[in-house]
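Okay, so here's the structure we're looking at.
The values are calculated or read from the model by the stated rules, or taken from the named source; none is laboratory data. All values reported here derive from a predicted model rather than from experimental measurement. Cβ placement follows ideal geometry from the backbone for every residue including glycine, while neighbour counts extend to all protein chains displayed.
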Amino acid sequence: MLVRLQKYLAEAGIASRRRCEQFIEDGRVSVNGQPVYVLGTKVDPERDSVTVGGKPVALERKVYIALHKPAGCVCTNSDTHGRKRAVDLLPRSLPRLYTVGRLDKDSEGLLFLTNDGTFSLRLTHPRYKMRKTYFVEVEGELKNTEIARLLKGVRSDGELLRAEKIFQVRAQVHDTELRLILSEGKKRQIRRMMAVVGHPVKRLVRLAVGPIELGNLATSQWRHLTHEEVDKLTQFSSAASRP
């Protein structure tokens, strides 16, 4: 199957796609010994020999990981504050991986890591509307009128934030436990929404991404996603993006 050269280079982990395009324009990329300057040139990964700066390029095997991220762990691969990173919980024998979206430092639960940029895009781009399910514990008693506001949408920093579904699990005077579903993934969305209605988040756990659940995966433990699970996630994102 033919693929665009810049996509092939990005998926091989050379650099971002935009940076790979610059490499092509600068004449640093050769296919079968001939420099290529034209963006959009297509190559056959099975037959063509591709080099960057004279060094051969080969696609990495695709890896898909499900991790139970603990609180206090950050999702960035580059952290200048010495904090524990999600990638630190994985063995070094794996290829270089990146988190699929993010959970903030204080949140827990299901997090995917991969070296497949296309897979990551399908799970994170707003047009795919990938549903995510969370357990949320908030301060105080969340009233039905406040749940209605969250379902309709509240504004925070100029953004409209809304939950797709909210199920009340347990309600007491001092705190409320909820199961909440989002089909958008804006930065610290649940914490911001709850702050608007006056109920700060005490605990936040992602239980599922699309059809894949956290299940009994223990905190800080990880596993490979199966081929069937990767296919399910791809199909789920395709179905969710249809009008």
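Leu142: in contact with a strand residue (DSSP E or B) (Cβ under 8 Å, 6 or more places away or on another chain), aliphatic (A, V, I, L, M) and at pLDDT below 95, yes or no?
Against the criterion (in contact with a strand residue (DSSP E or B) (Cβ under 8 Å, 6 or more places away or on another chain), aliphatic (A, V, I, L, M) and at pLDDT below 95), Leu142 qualifies.
Scan (1) at negative phi; (2) of a type outside the set (Val, Ile, Thr); (3) in contact with a strand residue (DSSP E or B) (Cβ under 8 Å, 6 or more places away or on another chain) for the single condition Glu228 breaks and write down its number.
Against the list (1) at negative phi; (2) of a type outside the set (Val, Ile, Thr); (3) in contact with a strand residue (DSSP E or B) (Cβ under 8 Å, 6 or more places away or on another chain), Glu228 comes up short only on (3).
Could you count how many residues in the range 143-163 are touching a residue at least 12 places away in the same chain (Cβ under 8 Å), aliphatic (A, V, I, L, M) and farther than 26 Å from Glu213 by Cα?
1
Checking the condition in the same structural domain as Glu229 (by TED's automatic domain parsing), within 26 Å of Ala218 (Cα to Cα), more than 19 Å from the chain's Cα centre (by Cα) and among the polar types (S, T, N, Q), which residue from Ser120, Ser93 passes?
Within the list Ser120, Ser93, the selection yields Ser93.
Residues that are of a type outside the set (Ser, Thr, Tyr), in a helix (DSSP H, G or I), touching a helix residue (DSSP H, G or I) at 6+ places or on another chain (Cβ under 9 Å) and surrounded by fewer than 17 Cβ atoms within 10 Å (Cβ to Cβ): does the range 166-187 have at least one?
No, every residue in the range 166-187 fails to be of a type outside the set (Ser, Thr, Tyr), in a helix (DSSP H, G or I), touching a helix residue (DSSP H, G or I) at 6+ places or on another chain (Cβ under 9 Å) and surrounded by fewer than 17 Cβ atoms within 10 Å (Cβ to Cβ).
Look at Val100 and say whether it is touching a residue at least 24 places away in the same chain (Cβ under 8 Å), under 30 Å from Arg192 (Cβ atoms) and surrounded by 13 or more Cβ atoms within 10 Å (Cβ to Cβ).
In short, yes.
Looking at His224, is it closer than 26 Å to Pro70 by Cβ, loosely packed, with under 15 Cβ neighbours inside 10 Å and at pLDDT below 95?
So His224 does not fit the description; no.
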